[in-house]
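The values are calculated or read from the model by the stated rules, or taken from the named source; none is laboratory data. For clarity, every value in this text was computed on a predicted model and none was experimentally measured. All Cβ positions, even for glycine, are placed from backbone atoms using ideal geometry, and neighbour counts span all protein chains on display. The accessibility values were calculated without ligands, DNA or RNA, using every heavy atom of the protein model including side chains. Shrake-Rupley method; radii C 1.70, N 1.55, O 1.52, S 1.80 Å.
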4 protein chains.
Amino acid sequence: MSNYTIDDLEVGMSATMAKTVTEADIVMFAGVTGDFNPAHIDAEYAAESMFKERIAHGMLSAGFISATLAMQLPGAGSIYLGQELKFKAPVFIGDTVRTTVTITSINEKRKIVVLETICSVAGKPVIVGEATMMKP
Amino acid sequence: MSNYTIDDLEVGMSATMAKTVTEADIVMFAGVTGDFNPAHIDAEYAAESMFKERIAHGMLSAGFISATLAMQLPGAGSIYLGQELKFKAPVFIGDTVRTTVTITSINEKRKIVVLETICSVAGKPVIVGEATMMKP
Amino acid sequence: MSNYTIDDLEVGMSATMAKTVTEADIVMFAGVTGDFNPAHIDAEYAAESMFKERIAHGMLSAGFISATLAMQLPGAGSIYLGQELKFKAPVFIGDTVRTTVTITSINEKRKIVVLETICSVAGKPVIVGEATMMKP
Amino acid sequence: MSNYTIDDLEVGMSATMAKTVTEADIVMFAGVTGDFNPAHIDAEYAAESMFKERIAHGMLSAGFISATLAMQLPGAGSIYLGQELKFKAPVFIGDTVRTTVTITSINEKRKIVVLETICSVAGKPVIVGEATMMKP
């Protein structure tokens, strides 16, 4: 786990993690959040839907963004102020989601760090967005 | 589970759910996302931190927003296009998070529904934001 | 979540939900209940058994009945008085269990609602039974 | 785990297990079944309810019956044909549920064993019922 102070940070710094999304992840995410949308938990419904199979919760991938921010950049001790998410494409069981966060601006006076956050599968973005963190 | 068409929806319609956040929820959310930020899973670290005890992941409450949107309003068959989140205050173990979503605009031509999304604890907002959904 | 009073209810009203049963569900159900019957958790034992593969716990599907009663019909605030279950056929990993509950009688004076409860896979009943609820 | 044949069984034989029900059990049971009844997962709602605090799912205790039948008596290799459940009293977080099953009749020709099944907390029955098992 990284342990930066705000003085260690620079625009352009980047961190990444990847995780393969499994059926068990979706089952447990549904169970914790109460999101039993049939698109996630009913294979028969999903087969008739636009995406033809069960998809992962978008907020599961958003959790990977949160993990990358907290564990790597800007790392431990950051305070999460905000997140914008645009869901671009579905994530299916077996997909490996690569999450990359890149610093786009730093306000040293206000201790604010803004990062571009991208989740992609096989090089194709599935979520794009922006995180705002405070680094006290 | 609600089953609205876009013609059933009106600006001002609202839905809500509440869930008490438990230590087990935090443990499982950490396990599924990989967000092992010590603020969530290390009670000794948390005791020395700004919040004095372990806090829930912001994205766990974001999952409750996703659940309310999918299960209630705009309900089954909606496609999640985007979400903005501003984290206003921490959620502690034992807090009951009430999530409320309210339609603020509808674009019938483009099938787009925008909702204000608020998570609160004891009447105080912990996350405020906005969801954009497509209702095909 | 539905919020009926007993006056809203009528014989013949029905509600349904469906969930695909995954290996993760069986693992977690075993862990919570302590039912480590090898028919559920030992693939080698199961391969030699009458059903040729691991089967889900019958009480997992019974949990779907409870969920449908509580979340949909007769909905929030009902008190569960009794349940009869007849296990007709096994549920395998990957099966989508559709649970349907239908009101068969209402005693308005005693606030009692009786429902037929059926879990089926691909149209074939796997559990048939009857629930008795109080709706105060 | 016991491994009886039907010839080993006699009317009056009994087996028992006990488990303390925790908040984590309830959270996970809700997650696996989709039963997010606020009586189980919303402490604020529960405080205003008839029981004054969150209660466990009745089907969680039914799972303990299934566990006792499968693990102990009539043990491995039994096939669960049916279960009657009468819910007599709620189970709260921290309660220790003792489950006892006792053989009440045996039909050796049809290989059918019937058992009385009782779950109790501090000596007071919370579920009474009857299981029907086949022992091939």
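Some notes on this structure:
- Filter pass, C:Ala56 being buried (at least 22 other Cβ atoms within 10 Å of the Cβ) and closer than 19 Å to A:Pro38 by Cα: no
- So A:Ser49, is it closer than 21 Å to B:Gln83 by Cβ and at pLDDT below 95: yes
- Only residues that are touching a Ser or Thr at 6+ places or on another chain (Cβ under 8 Å) and more than 17 Å from A:Ile65 (Cα to Cα) were counted across region A:105-121, and they come to 1.
- For region A:17-64, the helices (runs of 4 or more DSSP H) that sit wholly inside it and include 1 or more residues that are within 23 Å of B:Ile93 (Cα to Cα) are A:23-33.
- Test for A:Tyr80: is it among the aromatic types (Phe, Trp, Tyr) and over 21 Å from B:Phe64 (Cα atoms): no
- Flag for A:Met133 being assigned to a helix (DSSP H, G or I) and either acidic (Asp, Glu) or modelled with pLDDT of 95 or more (or both): no
- Residue in region D:29-41 that is of a type outside the set (D, E, K, R), open to solvent by less than 10 Å² (accessible area, probe 1.4 Å) and away from chain A (no Cβ under 14 Å) present: no
- Residue within region C:98-110 that is within 12 Å of chain D (Cβ to nearest Cβ) and either at pLDDT below 95 or buried (at least 20 other Cβ atoms within 10 Å of the Cβ) (or both) present: yes
- Selection from region C:54-94 of residues that are over 26 Å from C:Glu44 (Cβ atoms) and more than 7 Å from chain D (Cβ to nearest Cβ): C:Ile65, C:Thr68, C:Leu69, C:Gln72, C:Leu73, C:Pro74, C:Gly75, C:Gly77, C:Ser78, C:Ile79, C:Lys88
- A:Tyr4 being in contact with a Pro (Cβ under 8 Å, 6 or more places away or on another chain), open to solvent by 20 Å² or more (accessible area, probe 1.4 Å) and part of a helix (DSSP H, G or I): no
- Residues satisfying the stated conditions in region C:1-50, i.e. touching a strand residue (DSSP E or B) at 6+ places or on another chain (Cβ under 7 Å) and among the polar types (S, T, N, Q): C:Ser14, C:Thr16, C:Thr20
- Candidates B:Ile65, B:Ile127 - the one that is of a type in the set (Val, Ile, Thr), in contact with a Ser or Thr (Cβ under 6 Å, 6 or more places away or on another chain), over 19 Å from A:Asn37 (Cβ atoms) and surrounded by 16 or more Cβ atoms within 10 Å (Cβ to Cβ): B:Ile127
- Annotation for region D:74-85: at least one member residue is of a type in the set (A, V, I, L, M) and touching a Gly at 6+ places or on another chain (Cβ under 8 Å).
- Evaluation of A:Leu73 against (1) open to solvent by 10 Å² or more (accessible area, probe 1.4 Å); (2) within 20 Å of B:Phe87 (Cα to Cα) (one fails), failing number: (1)
- All conditions in (1) at positive phi; (2) within 14 Å of chain A (Cβ to nearest Cβ) hold for C:Lys124, with the sole exception of (1).
- If you go through region C:28-70 and pick out every residue that is touching a residue at least 24 places away in the same chain (Cβ under 8 Å) and more than 20 Å from the chain's Cα centre (by Cα), you end up with 2.
- Pairs are defined by a Cβ separation below 6 Å, a sequence spacing of at least 6 or placement on different chains, a first member in region D:93-120 that is more than 17 Å from D:Met13 (Cα to Cα), and a second member that is of a type in the set (Asp, Glu); the pairs so defined are D:Ile93/D:Glu23.
- D:Gly77 passes every criterion in (1) touching a Lys or Arg at 6+ places or on another chain (Cβ under 6 Å); (2) modelled with pLDDT under 95 apart from (1).
- Among the residues making up region C:111-124, those that are closer than 30 Å to C:Ala46 by Cα, assigned to a strand (DSSP E or B) and open to solvent by 10 Å² or more (accessible area, probe 1.4 Å) are C:Ile118, C:Ser120, C:Val121, C:Lys124.
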